[in-house]
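Novice: Right, I'll just put the structure down here and ask away after.
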Amino acid sequence: MLDYHLASAVLVITELRKDLCKDFFRKWSSLDNSCFSIETVSGGITNLLLKVSVTEESGSSVSLTVRLYGPNTDLVIDRKRELQALPYLSAAGFGAELLGIFKNGMVQSFISARTLSPSDMRNPKIAAEIAKQLHKFHQVEIPSPQEPQLWNDMFKFLEKAAVLTFDDSETQAKYEKISFKEIRDEIYVLKDLTELLNAPVVFAHNDLLSGNLMLNDEEERLYFIDFEYGSYSYRGYDIANHFNEYAGFDCDYSLYPDKNAQYHFFRSYLQPNKPHEVHDKDLEALYVETNTFRLASHIYWALWALIQAKVSPIDFDYLSYFFLRCNEYKKQKEGCLSMAQKYLSGSGTG
């Protein structure tokens, strides 16, 4: 993965010196290559974040962030939607300033902060701050149709995932055991049930894992980054997707937050300035909403992984990840659905 991205980084430097999109870069056009240095800030399985430092003729140093897209990610990411949202999210104080775009990524201002680890997200103080920032994030209005895109995106993924073929016979054999009719039926069940919950529609991050959270410890300032999966979606889905990421890189879903930890998060989300004044009925409603959409998160990323298994050159076992998320869905399905049905019947959550 790094070889692919670092090769792209060399091209980025070249483009920067060719006056990439902004007058800001013109003063660097005559600098020698030795004036530029690159280091990895964070890397995932779809893109890489690089810090590019430039030593100017005056001797001062300037740093930028270069985000490099993984190959074929346009099959699962709507880049037009991402670029449309970026200026409005930036104006609201989220992410870094967009300085330029190029074929394989974008250039942004550098954020002086560390990337969180999955264990950081479980820290009660940090969890409360994430919740407050997510509340603010969900208030941002993007001038685009505000219909939720979750189900549209999932059905698009399903359509692409259902017609794949693999050169490796063993992989193909595993793929042929997948019932796409069963997955489609499961999506419809979830869609119909969640519609009854009347979850608020917000502009959601949709990928709030630890790698997309940065913290400046000295200033105690938290940053959300990487909005490539952002879209109008359901409040509970965005929160549930974040909770699923407590599992970390080892995919240990036993780390999914318990009810007390969720309520701690919900209080800061629902009333950032007065978390202890949140009504119990509001906590219960968000609890049910979140833990129903928990299931949708597993199906979404399972289908995403299946597409990546075919098109991504990155050395990651996407097919196993597909089955892992499907198995977690099956494990949690009965409890989550029965709780939602009980709540909708007026019986509460118990």
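Novice: For Ala204, list long-range residues whose amide hydrogen, built 1.01 Å from N in the peptide plane, is under 5 Å from its own amide hydrogen.
Specialist: Correct list: Ser231, Tyr232, Ser233.
Novice: Please report the spacing between the Cα centers of the range 52-76 and the range 234-292 in Å, no decimals.
Specialist: Between the Cα centres of the range 52-76 and the range 234-292 lies a distance of 34 Å.
Novice: Let me check against my output: what whole-number percent is the relative contact order of the range 41-98, with C-alpha pairs under 8 Å and at least 6 apart?
Specialist: It comes to 24 percent, rounded to a whole number.
Novice: Tell me the volume per residue, in Å³, of the convex hull enclosing the alpha carbons of the range 268-330.
Specialist: Considering the Cα atoms of the range 268-330, their hull volume per residue is 105 Å³.
Novice: Of Lys177/Lys331; Lys156/Lys259; Lys136/Lys191, which sit over 21 Å apart, Cα to Cα?
Specialist: Lys156/Lys259; Lys136/Lys191
Novice: From the P(r) of the range 45-154, can you give the percent of Cα pairs sitting at distances over 18 Å?
Specialist: 64 percent
Novice: With every protein chain present, what is the per residue accessible area of the chain (1.4 Å probe, Å²)?
Specialist: 47 Å²
Novice: With label points built 7 Å along Cα→Cβ from the Cα atoms of His279 and Lys331, find their separation and express it in nm.
Specialist: Once both label points are built, they end up 3.6 nm from each other.
Novice: Another question about this same structure. So what is the 222 nm mean residue ellipticity for the chain from helices alone, if each DSSP H run of at least 4 adds -39500 (n - 2.57) and you divide by all residues, rounding to the nearest 500 deg cm²/dmol?
Specialist: After summing the helix terms and dividing by residue count, I get -15000 deg cm²/dmol.
Novice: Treating only the Cβ of Lys, Arg, Asp and Glu as charged (+1, +1, -1, -1), what charge dipole size does the chain show about its Cα centre? Round to the nearest 20 debye.
Specialist: 460 debye
Novice: What angle do you read, to the nearest 10 degrees and between 0 and 90, between the alpha-carbon axis of helix 150-161 and the longest principal axis of the chain?
Specialist: Tilt of helix 150-161: around 80 degrees.
Novice: Still on this structure, please answer the following. Let me make sure I get this right: for the range 195-273, a, b and c are the square roots of the gyration tensor eigenvalues over alpha carbons, sorted descending. Under 1.5 in a/c it's rounded, otherwise prolate if a/b > b/c, else oblate. Which is it?
Specialist: Rounded, since a/c falls under 1.5.
Novice: Here is a further query. Rounded to the nearest 20 debye, what is the charge dipole size of the range 144-292 about its Cα centre when +1 sits on each Lys and Arg Cβ and -1 on each Asp and Glu Cβ?
Specialist: That gives the range 144-292 a dipole magnitude of about 460 debye.
Novice: Quick check on the range 145-212: take the gyration tensor over C-alpha atoms, sort the square-rooted eigenvalues as a ≥ b ≥ c, and tell me if it's rounded (a/c under 1.5), prolate or oblate.
Specialist: It is prolate, given that a/c is not under 1.5 and a/b is the larger ratio.
Novice: Can you tell me the dipole magnitude for the range 87-186 around its Cα centre, using point charges on the Cβ only (Lys, Arg +1; Asp, Glu -1), in Debye to the nearest 20?
Specialist: So the magnitude is around 420 debye.
Novice: Between Ser345 and Asp74, what is the label-point separation in nm under the 7 Å Cα-to-beta-carbon projection?
Specialist: Calculated label separation equals 5.0 nm.
Novice: Positive end of the dipole of the range 56-154, charges at C-beta (+1 Lys, Arg; -1 Asp, Glu), about the Cα centre: which of Gly95, Ser119, Gly70 has its Cα farthest in that direction?
Specialist: Going by the Cα projections, it comes out as Ser119.
Novice: Hey, quick one: spin label on Asp192, modelled 7 Å out along Cα-Cβ, who in the range 336-350 has an amide N within reach, i.e. under 14 Å?
Specialist: From the range 336-350, the list is 341.
The values are calculated or read from the model by the stated rules, or taken from the named source; none is laboratory data. Note that the coordinates shown come from a computational prediction; the quantities given were computed from them, not determined experimentally. Cβ sites come from the backbone with ideal geometry, for glycine too, and all protein chains shown count toward neighbours. Just the protein is used for accessible areas: all its heavy atoms, side chains included, with ligands, DNA and RNA removed. Shrake-Rupley method; radii C 1.70, N 1.55, O 1.52, S 1.80 Å.
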